Each structure stands twice: as C-alpha cells, then as structure tokens.
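The values are calculated or read from the model by the stated rules, or taken from the named source; none is laboratory data. Not measured: the values here are computed from a predicted model. Virtual Cβ from ideal backbone geometry, glycine too; neighbours counted across all protein chains shown. Calculation scope for accessible area: heavy atoms of the full protein, side chains included, ligands and nucleic acids excluded. Shrake-Rupley method; radii C 1.70, N 1.55, O 1.52, S 1.80 Å.
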Amino acid sequence: MTDYDVVVIGAGNGGLTAAATLAQSGLQVLLLEKHNIPGGCATSFRRGRFEFEVALHQLSGMGTPERPGPLRKILQKLQVEQEIEWVQMDKLYRLLLPGELDITLEADRSKAIATLQERFPEEKESIAKFYDICYQFIIEAVTVSRLKDDVKPEEYPIYFKYALKNAQEVLDEFFKDPLLQSSLGVYWGFMGLPPKRLPFSLLAGNIFVYMEFKPFHMKGGSQAMSNALVNQILVHGSEVRFNCAAEKILVQDGKICGVRTADGEDIHCSYVVSNASTIDTYVNLMDPEDVPAKQLEILGGSSIGVSAMAIFIGLDCEPQEVGIHESTNMIYASADAEKAFAGSRKLTVEDDGLILTCYTIDDPSFSPPGTSQVVIVDLKYAEPWMELSPEQYNETKYRMADQILERVEKMFPGLREHIEEIEVSTPLTYMRYLGHPGGAFYGFDQYNKDSSMFVSPTSPVEGLYFAGTWVGTCGFEPTLTSGYKAARAILRNQQKGATK
C-alpha cells in the first residue's frame, strides 16, 4: 500500500487548485484523473485547424495587476498567474431580443448605468439605485460570511432584507419594463435558473464581480491554466496520474484511510479531496455503511442542474464579416425568462436563450489568421436526451443544431456559409466526458435552499473534503476557489493535530 498525505479525486478546477495548494505546502499529494488531460470543463479540443474552448465564457474575480481580485490573488499564490497571458474584456455582453432590444453593456459601472439610462430614461433613478443595492449587498454579505455567528442584523440591513429573495422579486421592486429587467437579469444563463428561481445573491454577485474585477479570458484558453496548475503540482514533488480513476474511498472507524484505484491499487492517505459530485462520492465511491444517513437525505432534497447543447464552429472569415462585434452575445426569443427556461426540458429550440461567444473578438490569435471561432450554448437538462434511441439521438442532435443555426443566421447573416469546422455536443456528451450526473456542469440547481446558508459544504466523514461545483456556487472562479479553500481547511486541521 502506497502512502500519501492526501489523495485528490478529479482534476477539474477544484481538484487542481486543491492539489497545487497542498503540494506547495509540502504535503505528499496524489491527484487521480480518469481522463487523459486535466481540467474537466477547463479544457480544449481540436477540430481541423481550430482549438475549441470547452466551457469558459468569461473568467470572473481576476481584477487587474494593479487592483487584483480574489482569484488573481489565489493564482498568484499558486505561481500560476504569471505563467499565463491574460486577456481583459472591455464589454460585459450584448443582449439581443429580435425586434425589441439590442443593447451592449461595458464592464464599467458608470458607463453601463449611462447606457441603460439612455435606453430606459423613464426608470433612470431606479437603475442607479439597483446597482447601489447590488454593490452594498455583496459588501455586507462578505462581511457577514467572515463574522459568522457574531452578526447583528441591524448593522447589515441590505443583506438581511435581500438574502432570501429571488432575483425576480428584486427586479420587480426596482423596475417596470420587462426589457430593462432582461437587460440586468440576463446573467441567469451563467447559473442555470431564471430570475424567478435564482437567488438574488447570485445575480448581485455576478453583476458585482464582472463589473468590479472585469471579465477575462486567457491566451491558450482554460487548458493553459489547467496545464499550469498540473505543472505546479509536479514541480513541488507530488504526483498526477491520468487515465486512472478512483474506484473506492476507504473508510475505517469513520475516518478516511485510503483510496482504491480502478487498477486495484490501494493507496493509504489521511485525507481525500473529492472533485467528483457529492452524488458519485457518497453513492458510488463509498460503502453504504460509511455514509451518514443525513448526507443521503440532503442529496435527496437537491435536484441535478442543467447541462447544455453546444455548437463549436470554426469560421473561415473574421467575425466582423458576419456581423459579430462583441465576444459575449446573449440571444433571447423574448423577455420571458420562464418560457426560455421551460425550453431547457424540451427537445426544441425556438424559445430557448442562446449564448454566442466569439473569443476571437478579444484575442485575434485565438484562431488562425483570417478565421474566427464561435461557440453557441443552449441550456438543456439531460432527461429528455436519455430517453432517445441511438438513431433518434443523432437525428435530434443535428436537427436541433440546424434550427439553432437558423436562429443565429437571422442576426448574423452569412455565418453558415463561412463554417469550416463544426462539432455539436449534448448533455450526454458532458455526461461522458465530465462524469457528472446529468452532464450538469453547474452542479445542483442553484436554489437558495441548497446554498451554504442552509447546507454545509463540509463532510461529517473525518478526512473527507469536497471541491467543485457540487458543493458551492457554479462557475470557474467559485470552483477554482473551492479547491483552494478545501486545501487550506486540511492544512488547518493538520496544524491543530500537530499542536495537540
């Protein structure tokens, strides 16, 4: 039996930052990854002369070198930030509702407010107040999270007024025009639930971090970051095994004692960080007698989140030739977010919201000279896809892709005739490559009841820690941060044990 201090299961964002943090702290770490490359969602793949980004649209929390955000600070500590050439995006998004609205917001608070006020002058004062509330809410929420139990509600009135409200309640409080509400609530597509179901805290958080710390991408895509994190693990004397899945988490007397690999090797360790879903961890990787009944009860109260249908396109022209001028384009059939969300459970596309990302706008080197790269994402749950036969699956996949392209072509004429490479993925694709239940890259549906306010992200099994989207907020910044936090918790636990 080989000995390590920590075994990390899964080389997604959270697993990578956990392993890198622990390795840099001098612990002997083994990172197990069943795929042949690191990253999970933070990976890329090639088709012809194009290298496609799998998932990243806009990286939050970076900030500038002069005013670093929380994620940049973590990546600096992990000696990864300086290994990557970062690309700052000046625009938040362009929102298109055909025949109703076409508006582009800059990643600058005063400019975004001015743009919205010019388009919606009758609600001028409410727009400024809404941004004030979002900012104040986040500032108070950060303070409350640090104070934990020593909190006086009267000192944090905005937090306690809005913490349990959904985003639509707050949008209704401030605005009358549904088009204005759409302009500010459009980030729901980054989190999977429409405003009526989405916690206001998540909408406010997105508005704050993208405005204050700017959206970023990186040269080489997110695969460059994943590779740099793996390099830090190796440089500091720890080990990474690809094509090597974990088969069983070994527990003795309620404590972690090791991991068994799919190759049948037993590895002794005192800690495990699982970057797999909590469902897989408790149901498939652990013996039933080792799982506290309370954890299964918690899992039973959560619902598996949304996945997506995605179309990866390499164009033989520059983006401006087909009318693409912004990197992030939110395309909706109407201002009715609930109608768009209902489409996520259907094998149809006409009412769906689409996110069209063109990385070439902000980084012309992201595709070969004279070309551009486009990814179109349509949020979809896995269940309807799982009911299809193989023949039905292929017909449905390509029919829906064609219908999505028809919608996009109306706004960006000529796009189809310039397609050089194309690849289509579905929720089943993400199930296969990520190993997530339902192919859910956002983890569980992000309802308030499942947040850390009500459900502890820590495990009652001694020595077991989690990292990734299944134990917190979804997105790249939260998952990268979750691994760092899990590692710091292990280091604190170790230090306590050494001082006893």
Exercise. Residue by residue through segment 179-188, which ³J(HN,Hα) values in whole Hz follow from phi under the Karplus form 6.51 cos²θ - 1.76 cosθ + 1.60 (θ = phi - 60°), with glycine and proline marked x?
Worked result: 5, 5, 4, 5, 4, 9, x, 5, 5, 4
For this session: Of the listed values [x] 68, 55, 44; [y] 87, 59, 50; [z] 65, 59, 46, grab the one calculated as Cα extents along the principal axes in Å from the structure here.
Result: [z]
Exercise. Can you list residues whose amide H is under 5 Å from E462's amide H, if they're 5+ apart or on another chain and H is modeled 1.01 Å from N?
Worked result: I256
Exercise. For the charge dipole of the chain, defined by +1 on Lys and Arg C-beta atoms and -1 on Asp and Glu C-beta atoms about the Cα centroid, which residue among P427, P121, L234 has the Cα displaced farthest towards the positive pole?
Worked result: L234
Exercise. So for segment 339-411, what percent of the C-alpha to C-alpha distances run longer than 20 Å?
Worked result: 42
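Would you work out what percent of the accessible area of segment 31-87, with all protein chains in place, is carbon or sulfur (probe 1.4 Å)? Walk me through the numbers on the way to the answer.
On the way: 1110 of 2430 Å².
Reported share for carbon and sulfur atoms: 46 percent.
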For this session: Would you be so kind as to identify which of P215, I355, Q79 lies farthest towards the positive end of the dipole of the chain, taking Lys and Arg as +1 and Asp and Glu as -1 on Cβ and the Cα centre as origin?
Result: Q79
Problem set entry | Sulfur and carbon atoms: percent of accessible area, segment 412-500 [1.4 Å] | 52
For this session: Starting at the first residue of segment 203-208, write each ³J(HN,Hα) from the Karplus equation 6.51 cos²θ - 1.76 cosθ + 1.60 with θ = phi - 60°, in whole Hz, x for Gly and Pro.
Result: 5, 4, x, 5, 4, 5
Exercise. Quick one: of the DSSP bridges fully inside the chain, what percent are antiparallel, nearest 5?
Worked result: 70
Exercise. Which residues' amide hydrogens lie under 5 Å from the amide hydrogen of K248, considering only partners 5 or more residues apart or on another chain, with H built in the peptide plane?
Worked result: R260
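Using the per-residue mean of other Cβ atoms lying within 10 Å as a proxy for protection, in what order, highest first, do the peptides 15-22, 356-363, 316-323, 71-78 fall? Write out the running numbers ahead of the final one.
Details: 15-22: 32.0, 356-363: 22.5, 316-323: 16.5, 71-78: 19.5.
Highest mean packing first, the order is 15-22, 356-363, 71-78, 316-323.
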For this session: For n ≥ 4 DSSP H runs only, could you compute -39500 (n - 2.57) per run for the chain, divide by its residues and tell me the 222 nm figure to the nearest 500?
Result: -11000 deg cm²/dmol
Seminar exercise, completed: Sorted on mean Cβ neighbours within 10 Å (highest first), peptides 481-493, 238-250 come out as 481-493, 238-250
Exercise. Dipole of the chain (Lys/Arg Cβ +1, Asp/Glu Cβ -1, origin at the Cα centre): which of F190, L250, L296 lies farthest to the positive side?
Worked result: L250
Exercise. Quick one: Karplus J couplings for segment 461-466, per residue in order, coefficients 6.51, -1.76, 1.60, θ = phi - 60°, nearest Hz, x for Gly and Pro?
Worked result: 7, 5, x, 9, 10, 10
Seminar exercise, completed: P(r) of segment 260-301 over all Cα-Cα pairs, 5 Å bins starting at 0, rounded to whole percent, reads 5, 18, 26, 30, 12, 7, 3
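Taking the solvent-accessible surface of protein heavy atoms with a 1.4 Å probe, what is the per residue accessible area of segment 79-208 in Å²?
On the way: 6100 Å² over 130 residues.
Per-residue value: 47 Å².
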For this session: Can you send over the carbon and sulfur percentage of the accessible area for segment 218-353, probe radius 1.4 Å, protein chains only?
Result: 48
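So, with +1 on the Cβ of K and R and -1 on the Cβ of D and E, and no other charges, what is the size of the charge dipole of the chain about its Cα centre, to the nearest 20 debye?
1140
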For this session: Please list the non-local residues whose amide H lies under 5 Å from the amide H of K91, H modeled 1.01 Å from N, same-chain partners needing a gap of 5 or more.
Result: A107
For this session: Using Cα centres only, tell me the gap between segment 387-454 and segment 132-194 in whole Å.
Result: 29
